[in-house]
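Below is one structure, written out as structure tokens; comments come after it.
Each value in this text was obtained by applying a stated rule to the coordinates, not by laboratory testing. Predicted, not measured: the structure shown is a model, and the values here were computed from it. Cβ: placed from backbone, ideal geometry, glycine included. Neighbour counts: every protein chain shown.
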Amino acid sequence: MSTNSNSLKEKLTENFSEFSQLSDYSFMNYLKADPQSTKDGNDHKPRSVYSGHYVPILPTAIPDPEYISHSKKLFKELGLSSDLTRDNNFCRFFSGDISVADYPMSPVGWATGYALSIYGTEYTQQCPFGTGNGYGDGRAISVFEGIFNGERMEMQLKGGGPTPYCRGADGRAVLRSSVREFLAQELMDALGIPTSRSLTLYVSRSEIVRRPWYSKGSRYFEPDIMIDNQAAITTRVAPSFLRVGQIELFARRVRNNAHDEALSELKMIVQHLIDRNYKDEIEYEISFESKIIKLASLYRSRLISLVANWMRVGYCQGNFNSDNCAAGGNTLDYGPFGFCELFDPRFQPWTGGGEHFSFFNQPYAAAINFKTFCSSLSPLLSESKQAQEKLDQIDKEFSELMNKDLKKMWASKLGLDNYNGALINELFNLMLISKADYTIFFRKLSDIPDNLDSLKDSFYLPINDELKNRWEVWLKNWQSILKNEVDFKTKSASMKSLNPVYTWREWMIVPAYEEAETGNYTKIKELQDVFNNPYIEQAPEIDQKYNRLRPSQYFNYGGISHYSCSS
């Protein structure tokens, strides 16, 4: 029996016809379409969407699509053969032409609405109708949901054309942002951080879209020119794309008495979230109120762990609104993100984000998103005061538990068994004054050096004598604590498993997408290889290329040190 099941697992899906048989559309089968939508998905103009969980949408294919790359790792996990990338129908489907869909695949995709909250404040201004009924998936269209090796996955085209939520835009993504999202998801997964994943990347060789961006060498904060960009589509994959802002939308409708089915639709979307992302942890037979409480507790743990891991590797979401906060506890939406190079707690790569979404403020932003999540669940507990009190307590404890996880993370990065506030605060001060590179510094520290000379290549400025003395004192204090715990070799290995060698450096990504515009995809594939093994030191020529400080000319450089979310 086990031999047969193993052989079944090893059999790869090799063509589009076999791929189609994996389909299973729980979102469209169990949730409600907007009553005003069209069944054929021809619904591409901005409009208000008042009810329902989704709008059926027919994606708009990019013309003359050209394959750039795919994630070999994800294909393997899903049981897909890389030969699929040479299957004409597979390529057409994931470049937006879903007319090739084989039964039992759906002939249409779907887009979803969600609400927007920024630091807990409800916003409707971005909606063209001023109501919030036009806010949702503006350029992301889900086109496939299926079972892969027993796991349910959803596949979503980023840049698949206009939806009713486009707010007047074209629904396209440009090659630059598509390359960034494709590579970032590969890196985050390899770093061991829950994330949406990259399936495929295609570019159109004939469709051009204009976007604001930065001129070469620009020192402007915001884009200073309009440029022509090739349209592209990247397919991202996740167990679901449900967001806090999505649950929030249905709770708002309940509070506003938007329509008779509002409470029922909220209950349905929450149950669907449980089924999609928490089914192995929430018992089917317990009461719905009990499920809500368990959901809140489980999501709290996932979100806290996620943000602590973001901090560990230097990731900054940049725009951590409720609509960019996945309700399953994974990283979602790689638009205004960045990775901290020069250590700065206020690091914020996105020009529209402000300090409230900066690197060290992410735990606080997460707490507010979690509060929004809990308040969105509250209407489902209106008949149980006891359950509401439990939910309130779960929310109240978020910041304390977040702080506890952060302390554990910082201690682990330094090889400590216990958090030492004085030691770690002094480290932050020294890193800040010394202009330390976040990733290079912690990786070199993982060798547990005896003196500062071993760390000097991680600083952007020379260290004066006074600073050197402070560093030597800090190193001595740190090592004295380590000596009381375990041998240095074991500690070093533990630290290296948490402190990567390679990270996202925007100035290294720019040449990859610029060369891709000429049809050269070599750098994209090289970065894929580097990012697939971020904790392992690679060949000397690769290491010298990708493990180094940012060149001085790229500081205060538009499109590299900072960028708008122009995608």
Find which of N229, L475, G161 sits farthest along the positive direction of the dipole of the chain, computed with +1 on the beta-carbon of Lys and Arg, -1 on that of Asp and Glu, about the Cα centre.
-> L475
Fewest Cβ neighbours within 10 Å first, please rank F343, F555 accordingly.
-> F555, F343
Can you list residues whose amide H is under 5 Å from V49's amide H, if they're 5+ apart or on another chain and H is modeled 1.01 Å from N?
-> G134
Debye, to nearest 20: dipole size of the range 13-240, +1 on Lys, Arg Cβ, -1 on Asp, Glu Cβ = 640
In the range 229-334, the trypsin sites (Lys or Arg not before Pro) that fall in loop regions by DSSP, at most 13 other Cβ within 10 Å | K279
What is the ratio of the Cα radius of gyration of the range 13-240 to 2.2 N^0.38 Å, where N is its residue count, to two decimals?
-> 1.03
Return the sequence-ordered ³J(HN,Hα) values of the range 164-174 in whole Hz as given by the Karplus equation 6.51 cos²θ - 1.76 cosθ + 1.60 applied to θ = phi - 60°, using x for Gly and Pro.
-> x, 8, 5, 6, x, 7, 9, x, 9, 10, 8
For the chain, taking Cα atoms only, what is the radius of gyration to one decimal and the Dmax to the nearest whole Å?
-> 24.1, 72
To the nearest 20 debye, the chain has a Cα-centred charge dipole, built from +1 on Lys and Arg Cβ and -1 on Asp and Glu Cβ, of 700
The chain: antiparallel bridges as % of DSSP beta bridges, rounded to 5, reads 90
How many percent of Cα pairs in the range 247-408 exceed 28 Å?
-> 25
Sum of -39500 (n - 2.57) over DSSP H runs of 4+, divided by residues of the chain (222 nm, nearest 500) = -12000 deg cm²/dmol
Per-residue ³J(HN,Hα) for the range 329-334, Karplus 6.51 cos²θ - 1.76 cosθ + 1.60, θ = phi - 60°, Hz, x for Gly and Pro = x, 10, 6, 9, 6, 9
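About the Cα centre of the range 1-139, how large is the charge dipole given +1 on each Lys and Arg Cβ and -1 on each Asp and Glu Cβ? Please answer in debye to the nearest 20. Mind dumping the intermediate values first?
On the way: 12 positive and 16 negative charges, 49 e Å.
With Lys and Arg at +1 and Asp and Glu at -1, about 240 debye.
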Put +1 on the Cβ of every Lys and Arg and -1 on every Asp and Glu Cβ in the chain; which of S434, N464, P449 then has its Cα farthest towards the positive end of the dipole?
-> N464
For S142, other-chain or 5+-apart residues with amide H closer than 5 Å (H placed, Pro excluded) are W110, L157
Can you figure out the FRET efficiency of Q553 with D228, using R₀ = 22 Å and their beta-carbon distance, to the nearest 0.05?
-> 0.30
Taking 0.36 nm per intervening residue step and subtracting the Cα-Cα distance, what contour gain separates K489 from I542 on full extension?
-> 16.5 nm
Would you mind checking the tilt of helix 175-190 against the longest principal axis of the Cα atoms of the chain, expressed as 0 to 90 degrees and rounded to 10?
-> 70
For E355 and N15, what does the FRET efficiency come to when R0 = 51 Å and r is the distance between their Cβ atoms, rounded to the nearest 0.05?
-> 0.50
In degrees rounded to 10, the 0-90 angle between helix 522-531 Cα long axis and the longest Cα principal axis of the chain is 70
Any chymotrypsin sites (Phe, Trp or Tyr not before Pro) in the range 33-86 that lie in a DSSP loop and have at most 15 other Cβ atoms within 10 Å would be Y50
Helix 362-377: angle to the longest alpha-carbon principal axis of the chain, degrees 0 to 90, nearest 10?
-> 30
